[in-house]
Amino acid sequence: MKYKEHMADSDPNPFSHVPDRLSGLVDLSYNLWWSWHPEARVLFKRLNPHAWALSVHNPVKMIRDIPPSLLDRALADPGYMRRYDIIMHRFRRYMANQNGWFSSHYPNLRKHTIAYFSAEYGLHHSLPFYAGGLGFLAGDHLKEASDLGVPLVAVGFMYSEGYLHQHIRPDGWQDGIHEILNRDTAPTRRVLDSDGAPIIVRVPAIDPPLYVTVWKVEVGKIPLYLLDTDIAENDPAHRGISSQLYTPNREERLKQEIVLGIGGRKALNEMGISYTALHLNEGHPAFALLEQLRELVEAGASFADAIGDVRQTALFTTHTPVAAGTDVFERSLMDKYMSKYCAALGIDPEEFYALGLHPNDRHSCFNMTVFAMRMTGYCNGVSRRHGEVARGIWGCLWPERSIADVPIGAVTNGVHLPTWLNPRLEDLFNSHIGDVYPRWQEEHDVSEIWELIDEVPDEDLWQTHVWLKMKLINRIRERKRQNWADQRDKPENLVAEGMMLNPSVLTIGIARRFSTYKRADLIFHDPERLKRIVTNPWYPVQVIFAGKAHPADDEGKRVLQRIYQFAQQPAYSGRIAFVEDYGEQMAQYMVHGVDVWLNTPTPPLEACGTSGMKAALNGVLNMSILDGWWPEGYKGVNGWAFGATDPTVGRDAADAAEIYRILEDEVIPLYYTTDMDGIPHGWVAMMKRSIKSIAPHFSARRMMKDYVREYYSKSLNWANSALQMSIR
Ligand SMILES: *Cc1c(COP(=O)(O)O)cnc(C)c1O
């Protein structure tokens, strides 16, 4: 592995060509606020659309590279400068506003800080620090915290090789190409100490010594601190700890989690940030609890008292019922790194390891989820259904309780509306909803407001939807055209990857990580029947697939290959497409532009699922198995559901048969029944019912308010009263 030194240090001011009058563009480019405010995005794009495209919509890179002459042109353009001034005004007013929802509802808690730790964040494609749903959930959590003024600080990793580009070979096998992140053109900056040198923090009580440096990403008002081990202070063997997400190597993984939890808390301390409540997004960062314990013990508390305190202010969110989603470390590995830490905790290693021991595990591994559940006072799953499933799985940790009384609650995930609602649709809603209720965007979690969707004329909603579908298909074809020109693709790749897509055909989207439990290939269960459906000359259907398999998951890669090889067959007449390299950008196109979002995981393994919510906001209809969020979202008239009963044998066959039936009897006829005006009014009516019933409730806004009410405020109130006790 090669490590290049960071250019940032050699180039003191890469923005010296930006005139003072436009210096706000630099501030704006480093704050992801721009990414969920379309009018701010326009400010960059209007400088020069080609420069914007060349930067892959990354304003930091664009402003660094832009020729001064283009900035001068903007300066001389009164129209541009008017926009610039008003958007900078909005941005600064947003950043300075101290009276958000949180402050007005919890004025006595506003001085506190809540720390949010997560191994991944999906914020924007210029920050490739995500693998999938967990990351986007975390990213949306931060954006919403910023919008509601929740006092959060976030900790994560600077994955310098985080982005795995997916390339599909002609035989359908997934190759992965790691792209090295250029830290200088990403929207993130080093955290410096008072002398202007990068801060370097030693992870305490760990042998051999591990060091981290810290980067900061501004997510509106929320700072996200990223830990980076790629520095000269580290032994070369440790420099790569933070280079890749979820390394399959157990020892590397343990080191990552030590750095994230223990190093993360230490880094916050060094920056003078102390927090009252802690939210662990999954088990990976659970060692943050340990570091809090160690500090209390160091200050003189007994280990048992320290645990009592730490539990009162800690929340653990479990995100998956899949066993592979839980990190488990062997005893020998734990000994290798943690023995000194046990001494610092003042307990013997047996006592420590017992905290992470699963009651049914005879191999005595250290289980991060078990540890997190034992050490936090609050715990939740991510949909009502998942809450029930989690109580069943983890009830063994509370043997004295009945399953119903297992203390695992549920907060159903939601998506950040300004991030996932397409700007064209936003404009459309503005002109019809905003007309009647101008504050609709600030109050978008209020259901009554969304009833106003009925005031949008069918024709306008349909035309906007068709336009978004064309944009998706153009985007897919344009990428393939470039590959063709670069001689990267053979004709059968072009067909398999969507060159034949047709915007007038009913379009089903299936995009997700290719884990086997997601059953992305379920609709190929009866290949002949699917072939008849997609090649029907009068009512054709096309299916767009996208998603990556984890680089170590050969099983997932085989599922992908199977789909790809079907897509190559002339018998499917170009109606099946597999789109390479699914990421944030392609996700945006897909959730805006397909007609139906199909979701087929094996129950009960989908904890929640969020991409269907993104689709629903944009008028895309969900067709999903009744698992995860869909039992809450499905109202009988706002999409389609299957898999309600649990066949003991032949689950795949039964679910596939239901899918074919629903497609043939309901989806296809509804889509192709149009009036004389060419508009499928029945379909549009269902789009409206879907938007109304799903957008307000499955928003990150509703989710964040639930977290504050159910968990954060309880921890912070406890801290307030503990403080009063100690003053008395
Ligand atoms: C939303 C999103 C996901 C998560 O989707 P699920 O439905 O929760 O599996 C994964 N990848 C990308 C790029 C996303 O935008």
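The values are calculated or read from the model by the stated rules, or taken from the named source; none is laboratory data. Here the structure is a predicted model, which is why all the values come from computation and not from measurement. Here Cβ is always computed from backbone atoms with ideal geometry, including for glycine, and neighbour counts include all displayed protein chains. What goes into the accessible areas is simple: the full protein's heavy atoms, side chains included, and nothing from ligands, DNA or RNA. Shrake-Rupley method; radii C 1.70, N 1.55, O 1.52, S 1.80 Å.
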I'd like the full set of residues that are within 12 Å of the ligand (Cβ to nearest atom) and assigned to a helix (DSSP H, G or I), limited to region 574-610.
Glu584, Gln585, Met586, Ala587, Gln588, Tyr589, Met590, Val591, His592
Lys548 passes all but one of (1) within 28 Å of Leu123 (Cβ to Cβ); (2) in a strand (DSSP E or B); which number fails?
(2)
Filtered residues of region 321-347 (kept if out of contact with any Ser or Thr (no Cβ under 7 Å at 6 or more places or on another chain), in a loop (DSSP other than H, G, I, E, B) and open to solvent by less than 30 Å² (accessible area, probe 1.4 Å))
Pro321, Asp327, Ile347
Screening His57, His17 for residues that are more than 26 Å from Leu142 (Cβ to Cβ), open to solvent by 40 Å² or more (accessible area, probe 1.4 Å) and part of a loop (DSSP other than H, G, I, E, B) leaves only His17
Does Arg265 count as at pLDDT below 95 and not polar (S, T, N, Q)?
no
Pairs returned, first residue in region 511-539 that is touching a residue at least 24 places away in the same chain (Cβ under 8 Å) and β-branched (Val, Ile, Thr), second residue that is within 16 Å of the ligand (Cβ to nearest atom) and open to solvent by less than 60 Å² (accessible area, probe 1.4 Å), beta-carbon separation under 9 angstrom, 6 or more apart or interchain, are Thr516/Asp553; Thr516/Gly556; Thr516/Val559; Thr516/Thr602; Ile523/Ile508; Ile523/Ile510; Ile523/Leu598; Ile523/Thr600
Residue satisfying condition, being within 26 Å of Val42 (Cβ to Cβ) and touching a Lys or Arg at 6+ places or on another chain (Cβ under 6 Å), within set Val415, Val456:
Val415
Could you say whether any residue in region 611-621 is without any contact (Cβ under 8 Å) to a residue 60 or more places away in the chain and more than 9 Å from the ligand (Cβ to nearest atom)?
no
So for region 495-505 (the condition being buried (at least 20 other Cβ atoms within 10 Å of the Cβ), within 16 Å of the ligand (Cβ to nearest atom) and part of a loop (DSSP other than H, G, I, E, B)), does at least one residue qualify?
no
Test: Glu632 is open to solvent by 10 Å² or more (accessible area, probe 1.4 Å), within 28 Å of Asn380 (Cα to Cα) and either modelled with pLDDT of 95 or more or over 19 Å from the mean Cα position of the chain (by Cα) (or both)
yes
Could you check Arg202 against (1) in contact (Cβ under 8 Å) with a residue 60 or more places away in the chain; (2) within 30 Å of Asp489 (Cα to Cα); (3) surrounded by fewer than 24 Cβ atoms within 10 Å (Cβ to Cβ) and say which number it fails?
(2)
Out of (1) within 16 Å of the ligand (Cβ to nearest atom); (2) over 27 Å from Leu43 (Cα atoms), the one Phe102 does not meet is (1)
Show me the strands (runs of 3 or more DSSP E) found entirely inside region 91-187 where at least 1 residues are open to solvent by 40 Å² or more (accessible area, probe 1.4 Å), free of Cβ contacts under 8 Å to residues at least 60 places away in the same chain and more than 22 Å from Ser35 (Cβ to Cβ).
174-179
Can we say Leu530 is at pLDDT 95 or above, within 27 Å of the chain's Cα centre (by Cα) and either on the phi < 0 side of the Ramachandran plot or not in a loop (DSSP other than H, G, I, E, B) (or both)?
no
For region 643-659, give me each residue that is among the charged types (D, E, K, R) and within 29 Å of the chain's Cα centre (by Cα).
Asp652, Asp655
Among the helices (runs of 4 or more DSSP H) confined wholly to region 382-461, which include 2 or more residues that are out of contact with any His (no Cβ under 8 Å at 6 or more places or on another chain) and away from the ligand (no atom under 16 Å from the Cβ)?
384-394, 423-436, 447-450
Open to solvent by 10 Å² or more (accessible area, probe 1.4 Å) and touching a Ser or Thr at 6+ places or on another chain (Cβ under 6 Å): does that describe Arg562?
no
I need the full set of residues from region 538-548 which are open to solvent by less than 10 Å² (accessible area, probe 1.4 Å) and away from the ligand (no atom under 13 Å from the Cβ), in order please.
Val541, Gln542, Val543, Ile544, Phe545
If a residue must be closer than 20 Å to Asn31 by Cα and touching a Leu at 6+ places or on another chain (Cβ under 7 Å), how many such residues does region 91-116 contain?
4
Mind checking whether some residue in region 693-701 is touching a helix residue (DSSP H, G or I) at 6+ places or on another chain (Cβ under 8 Å), open to solvent by 50 Å² or more (accessible area, probe 1.4 Å) and more than 21 Å from Leu421 (Cβ to Cβ)?
no
